[in-house]
Amino acid sequence: MFCQKCGKEIGSELKSCPHCNHAVAGGNPLAGLKDKTKVASKDALKSLRLLVVNPVGGLAAAFESLDPGRALGVGIAFGVVFVVCVVLGGYMSLPTWIRPNDWSTYSKAIFCAAVSFAGTVAGSALARKLFKGDGGWNADVFTVGASLLPVALYVFIGGVLGFGNYQILLVLGVFAVCLTVMVLHAGCCRILKLSEKAATLAVPLILIVGCGVGKMICAAILQQYFR
């Protein structure tokens, strides 16, 4: 479990955090999960503030301020934001007469978005192994989560504005794609510790794997939906 105050991982049998002396409730799995969620949310907000001010330069600083477990939690939190924004944005962009109203369709959309995120993480892990980078899954999840935030925000804003504002969406789309590529490249260089030459090849590889996995899963689900 994690300390709610300082966010450090501590033993479930302890009554207080050995790092900051904050009182904790041990022995309850649900309490431990709740603690992890709170810590990940706080860390994600802190990291997000750094990324908003400086998306590229603040990426490594945000990652290095966290231990591996907390970095993984922040990456997962960013992934949840991605899934929620993509599903909501996609739903709002549909004409009212075609919008689904059953939980089965919603769950499939959530699954597609989650698989796209997971596929991109797998692409990052593949690139890290292929080009002999450093770090582990926590680095992959954090890097991908941060880099996909601009796309998530774009899809959500696109759903709010609608296709009638296509000129605005085109401009925002250019910004979203460019930010995603730059943040992903910075993550490859500064977090995964790839050379600039390797990162230049790793970025398209990561995006191709992520898009390819997402496309295959979504195509299979849509095939069943329209049968």
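Derivation of every value follows stated rules applied to the coordinates shown; laboratory data play no part. This one's a predicted model, so the numbers in the text were calculated from it and none came from an experiment. Don't worry about glycine lacking a Cβ; one is built from the backbone with ideal geometry, like all the others, and counts go over all protein chains shown.
Provide the packing ranking of 73-86, 55-68, i.e. peptides ordered by the mean count of other C-beta atoms within 10 Å per residue, highest first. Can you show the working numbers first?
Working: 73-86: 22.6, 55-68: 17.0.
In descending order of packing, they fall as 73-86, 55-68.
Magnitude of the Cβ-charge dipole of the stretch 31-135, K/R +1 and D/E -1, about the Cα centre, nearest 20 debye? Mind dumping the intermediate values first?
Numbers: 12 positive and 6 negative charges, 14 e Å.
The calculated dipole for the stretch 31-135 is roughly 60 debye.
Just want the ordering: T37, T180, from fewest to most Cβ atoms lying within 10 Å of their own Cβ. It would help to have the intermediate numbers written out before the result.
Numbers: T37 13, T180 22.
With the sparsest Cβ surroundings first, the list reads T37, T180.
How compact is the stretch 54-225 by the rule of thumb for globular proteins, expressed as Cα Rg over 2.2 N^0.38 Å? Don't skip to the end; give the middle numbers.
Numbers: Rg = 16.4 Å, N = 172, 2.2 N^0.38 = 15.6 Å.
It is 1.05.
Mind listing the phi-derived Karplus ³J(HN,Hα) values for the stretch 168-180, rounded to whole Hz, using 6.51, -1.76 and 1.60 with θ = phi - 60°, and x for any glycine or proline?
Computed from phi, the couplings for the stretch 168-180 are 5, 5, 5, 5, 5, x, 4, 4, 4, 5, 5, 4, 4 Hz.
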